[in-house]
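Chemist: Here it is, the structure in full.
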Amino acid sequence: MTPHYPLEGVVSWNMNTTCNYRCSYCTQRFVESRAQWARDLPRFLSAFAALPGDWEIKLSGGEPFRHPHFLDAVESLAAAGLRVSVVTNLSSPDADLARFADATRRKPGVISASLHLEYADATEFRDKLARLGARHAGSVVATCVATRALLPRLPALAAHFAEAGVTLKIQPEKQDRDVIAYSPAERDALLALGGHGGTGHIDPDLSGRPCWAGARYFIVDHTGEAFRCYPARRYRQEHLGNLLTPGFRLRTDAEPCHYSYCNCTVPQQRGMVDTR
């Protein structure tokens, strides 16, 4: 069954590779350079504003707050009438986080805060996110990578966050971009915690199912190169062109997924693909 046409599209903009953390499990730790960022912001902003229909721009990196002009970009995107969301490690000062919340107040998105216990204290992180949530007009959620060492602690950690009104969602650990070989008991524990990002799945095979990725969802990197989805970028397939050039083309309809492992939570969470 083809999912209904999504009235609001979503762009995942990996706007920089810069990050102030070096987590042992990070899937980007082997990136050749961790000091790259989108430089021609006016062209990016014009390209996003020209997309057909309504769109949410989901900012990520690296750590997007490390982009030297991040907050200026947020304010410009919001002024253009775009919904703005962010994936952040929440290490930025409260003043910068508050500026993000204030800039996006008219059309707020989601603040997804990644808890990395190699660098952050869980209680301090939780309380900081709760303070931000009280100011942000949209929703806030915490995420945490379920390493094998951390997995037994995650139910108590989720309850600890819930005490402050914050939802903690898990992400499966990946090596070489694939989910690690969890044992059956570990997989049961992951599913009991909601699966990847609360989708109810860990590493779903959605191949053959019609998906709106490429038409109402796509990813773009700091240079403007755009792909249908994250698996497409991994395999360097289904290239949509460069967002900053006339050759960029969105697809016009839902098309079958071609990948045996889908790690794109946005299409799954937004009903762009049937995950039943």
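The values are calculated or read from the model by the stated rules, or taken from the named source; none is laboratory data. What you see is a predicted model, and the numbers here were worked out from it, not measured in a lab. Here Cβ is always computed from backbone atoms with ideal geometry, including for glycine, and neighbour counts include all displayed protein chains.
Chemist: Kindly check whether there is at least one residue in the stretch 93-114 that is modelled with pLDDT under 95, part of a loop (DSSP other than H, G, I, E, B), charged (D, E, K, R) and more than 17 Å from Gly9 (Cβ to Cβ).
Modeler: Looking only at the stretch 93-114, we keep the residues that are modelled with pLDDT under 95, and these are none.
Scanning the stretch 93-114, I find no residue that is modelled with pLDDT under 95, part of a loop (DSSP other than H, G, I, E, B), charged (D, E, K, R) and more than 17 Å from Gly9 (Cβ to Cβ), so the answer is no.
Chemist: Keeping to the stretch 231-276, report how many residues are buried (at least 19 other Cβ atoms within 10 Å of the Cβ) and closer than 22 Å to Thr2 by Cα.
Modeler: 16
Chemist: Could you identify the single residue in Leu117, Leu90 that is under 17 Å from the mean Cα position of the chain (by Cα), in a loop (DSSP other than H, G, I, E, B) and either farther than 21 Å from Asp127 by Cα or among the hydrophobic types (A, V, I, L, M, F, W, C) (or both)? Working first, answer last.
Modeler: On the way: Leu117 fails: under 17 Å from the mean Cα position of the chain (by Cα).
Of Leu117, Leu90, the one residue that is under 17 Å from the mean Cα position of the chain (by Cα), in a loop (DSSP other than H, G, I, E, B) and either farther than 21 Å from Asp127 by Cα or among the hydrophobic types (A, V, I, L, M, F, W, C) (or both) is Leu90.
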